[in-house]
Amino acid sequence: EAQVTQNPRYLITVTGKKLTVTCSQNMNHEYMSWYRQDPGLGLRQIYYSMNVEVTDKGDVPEGYKVSRKEKRNFPLILESPSPNQTSLYFCASRRGTANYGYTFGSGTRLTVV
Amino acid sequence: GDSVTQMEGPVTLSEEAFLTINCTYTATGYPSLFWYVQYPGEGLQLLLKATKADDKGSNKGFEATYRKETTSFHLEKGSVQVSDSAVYFCALSLYSGGGADGLTFGKGTHLIIQP
């Protein structure tokens, strides 16, 4: 089954403790992206990657890092999480341009206390 | 910058009612337009799309027409079902020829269908 897999689904952590949210896709897509979803704000792009070793900032990159060492994986790293990073995070991938549509993961609900 | 505006709701309808969710956009070029749907506890799924003016996207009984003159992409369905209860996101994408063309989303419309 073609899918984007994120782990974990739920995570509660403390301020300042480094964490990584993993994302993996099995569709050989070049483009991958991370979004955060917040009430009243919709989805906002954090980082994206157009291919291996090619990453760039989205609209809200502060406090996040990413890497793209392999085509299938695109982890999101929070080096020193803060409470304002409490959110619902989605990883997505696509082939070609956005006209082909994105495949989204099921989401990771992160709480930073 | 580019933006998408949609009614936030919640929108509550009875089963078999007619649905319209309004979406308007602002963009510097000629975007592609999308509707994504998010069912409870799940990620977003592409519902339909239109890539140029006057195109009509359709899927699962839902339709939306790309109206360049009114910069709109309203979502419609003739007869909604309880299973249509979800959050609906309007989105646009602008391809800049070698640059990034990520999605710009509206804030989402929560639709509740009552039996």
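The values are calculated or read from the model by the stated rules, or taken from the named source; none is laboratory data. Here the structure is a predicted model, which is why all the values come from computation and not from measurement. Please note: Cβ atoms are built from the backbone with ideal geometry, for glycine as well, and neighbour counts cover all protein chains shown. SASA here: full protein model, heavy atoms, side chains in, ligands and nucleic acids out. Shrake-Rupley method; radii C 1.70, N 1.55, O 1.52, S 1.80 Å.
When you look at B:Lys49, is it open to solvent by 60 Å² or more (accessible area, probe 1.4 Å) and away from chain A (no Cβ under 11 Å), yes or no? No: the conditions fail for B:Lys49. Please determine whether any residue of the range B:31-52 is touching an Asp or Glu at 6+ places or on another chain (Cβ under 6 Å) and not in a loop (DSSP other than H, G, I, E, B). No, every residue in the range B:31-52 fails to be touching an Asp or Glu at 6+ places or on another chain (Cβ under 6 Å) and not in a loop (DSSP other than H, G, I, E, B). Those strands (runs of 3 or more DSSP E) of the range A:14-113 in which 2 or more residues are among the polar types (S, T, N, Q) and more than 26 Å from B:Trp35 (Cβ to Cβ) occupy A:19-25. When B:Glu8, B:Glu69 are checked against the criterion of being on the phi < 0 side of the Ramachandran plot, at the interface with chain A (Cβ under 10 Å from one of its Cβ atoms), open to solvent by 50 Å² or more (accessible area, probe 1.4 Å) and in a loop (DSSP other than H, G, I, E, B), B:Glu8 stands alone in meeting it. Among the residues of the range A:34-77, those identified as at pLDDT 95 or above and either touching a helix residue (DSSP H, G or I) at 6+ places or on another chain (Cβ under 6 Å) or open to solvent by 40 Å² or more (accessible area, probe 1.4 Å) (or both) are A:Glu62, A:Gly63, A:Lys65, A:Lys69, A:Glu70, A:Lys71, A:Arg72, A:Asn73.
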